[in-house]
Amino acid sequence: MTNHSDGPTPVRVDWDAEAAAFDEEPDHGLRDPAVRAAWADRLRDWLPDRPGDLLDLGCGTGSLSLLAAENGHRVTGVDLSPAMVGQARTKLAGRDAVFLVGDAAAPPVGEERFDTVLVRHVLWTLPDPGRALRHWRDLLRPGGRLVLVEGVWGTVSPVGIPADRLTALLAPLAGHTRVERLSDDPLLWGRVVEDERYAVVATVPA
């Protein structure tokens, strides 16, 4: 499950119905070369230099998965929507990638472990973010990293997860955590935004 770039989408959404038009948002489909390049640059900075196994949770139609695969990473994507997963499989046909229908909070990957867990605009929708983070940490190999793109949307009744709350949840789980502000880069969103948008890259102890 991935959420609308113009602000929060209610958690109870028919994502299968949303799938056909999902990539029309600039930061979803990454069809604009400038937007695509902006996300590609960020991912290269956030992900390990050496290609590895990457788990993309709430992968949607697979746009970030594709960028990761283009950098040599072996991708496993998970999304609750079969329609989203179908589009991701089409988008990454021929790549070293597999896509599964499942819950991002408890992905159906069995005993498999990963070098990176990538999650965009999913954590804030979960009823127990701390529990999800602990589970995601356990899916990482020693020295692996969590890459979390999150934010806070709205001014009257804001929703989301502030960066300071997320870093506090990560403090007992990660050896090193850095926060990168994304609100001031309109290329990422295809427009100027005023919300709090950020990425957290957290590395677990080796």
With an 8 Å Cα cut-off and a minimum separation of 6 or more residues, compute the relative contact order for the chain in percent. 19
Long-range amide H partners of THR76, meaning residues 5 or more apart or on another chain whose placed amide H is closer than 5 Å, are LEU54, LEU55, ASP56, VAL98
Prolate/oblate/rounded call for region 60-206, Cα gyration tensor, a/c under 1.5 rounded: oblate
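How large, in percent, is the carbon and sulfur part of the accessible surface of the chain at a probe radius of 1.4 Å?
The nonpolar share, carbon plus sulfur, comes to 51 percent.
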The size of the Cβ-based charge dipole (Lys, Arg +1; Asp, Glu -1) of region 71-206 about the Cα centre, to the nearest 20 debye, is 320
In Å², rounded to a whole number, the accessible area per residue of the chain with probe 1.4 Å is 45
What is the gain in length, in nm to one decimal, between HIS176 and ALA21 on full extension, counting 0.36 nm per residue of separation less the C-alpha to C-alpha distance? 52.0 nm
Pick from SER157, SER81, SER65 the residue whose mean-square fluctuation is largest in a GNM of the chain, springs joining Cα atoms under 10 Å. SER157
For region 13-122, whose charge dipole is built from +1 on Lys and Arg Cβ atoms and -1 on Asp and Glu Cβ atoms, the candidate among GLY58, MET84, PHE99 with its Cα farthest towards the positive end is PHE99
Size of the dipole of region 164-206 about the Cα centre, Lys and Arg at +1 and Asp and Glu at -1 on the beta carbon, nothing else charged, in debye to 20? 160
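The values are calculated or read from the model by the stated rules, or taken from the named source; none is laboratory data. Treat the numbers as computed from the prediction; the structure is a model and nothing was measured. So basically every Cβ, Gly included, is an ideal-geometry build from the backbone, and we count neighbours across all protein chains shown. What goes into the accessible areas is simple: the full protein's heavy atoms, side chains included, and nothing from ligands, DNA or RNA. Shrake-Rupley method; radii C 1.70, N 1.55, O 1.52, S 1.80 Å.
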